[in-house]
Amino acid sequence: MPQVSVIVPNYNHGKYLKHRIDSIIAQTFQDFELIILDDCSTDNSREVIEEYRFNPHVTQVVFNEKNGGTPFKQWDKGIELASGDWIWIAESDDFADIRFLECLMGKIQEHPNV
């Protein structure tokens, strides 16, 4: 079981998605699974997501058949699919420094009652 489940909920952020996913996969802390959710995007998101389907970190790729109308439904779906002890909801139009999880998990280890 991974320590962290990284959930990427996406809707029409194809132009940012590769940068976001690459910033997750390149993390210096590697004990994570990656769950990618798409809420019926009408841009090139699906094609970008498919490039990562077989990455060893990717445990789930889910394409909604109908738009949920709110990102919170995607968050809930990702949490249900997650198997990690910790959850990072990594919005699809952002990116992270490659040491983000290393720093975060270091602080959690220093303060286990967080």
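The values are calculated or read from the model by the stated rules, or taken from the named source; none is laboratory data. Treat the numbers as computed from the prediction; the structure is a model and nothing was measured. All Cβ positions, glycine included, derive from the backbone under ideal geometry; neighbour counts span all protein chains shown. Just the protein is used for accessible areas: all its heavy atoms, side chains included, with ligands, DNA and RNA removed. Shrake-Rupley method; radii C 1.70, N 1.55, O 1.52, S 1.80 Å.
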Worksheet entry | Residue check for Ser23: surrounded by fewer than 17 Cβ atoms within 10 Å (Cβ to Cβ), within 29 Å of Pro112 (Cα to Cα) and of a type in the set (Gly, Ala, Ser) | yes
Worksheet, complete the sentence: Those residues of region 40-75 which are outside any helix (DSSP H, G or I), polar (S, T, N, Q) and touching a strand residue (DSSP E or B) at 6+ places or on another chain (Cβ under 6 Å) amount to Thr59, Gln60
Worksheet entry | Residue that is modelled with pLDDT of 95 or more and either of a type in the set (Lys, Arg) or crowded, with 16+ Cβ neighbours inside 10 Å (or both), where the choices are Asn12, Asn55, Asn44 | Asn12
Worksheet item: Which one of these does Met1 not meet: (1) over 27 Å from Val114 (Cα atoms); (2) among the hydrophobic types (A, V, I, L, M, F, W, C); (3) open to solvent by 10 Å² or more (accessible area, probe 1.4 Å)?
Response: (1)
Worksheet item: Is it the case that region 22-33 has a residue that's touching a Leu at 6+ places or on another chain (Cβ under 9 Å), among the hydroxyl-bearing types (Ser, Thr, Tyr) and in a loop (DSSP other than H, G, I, E, B)?
Response: yes
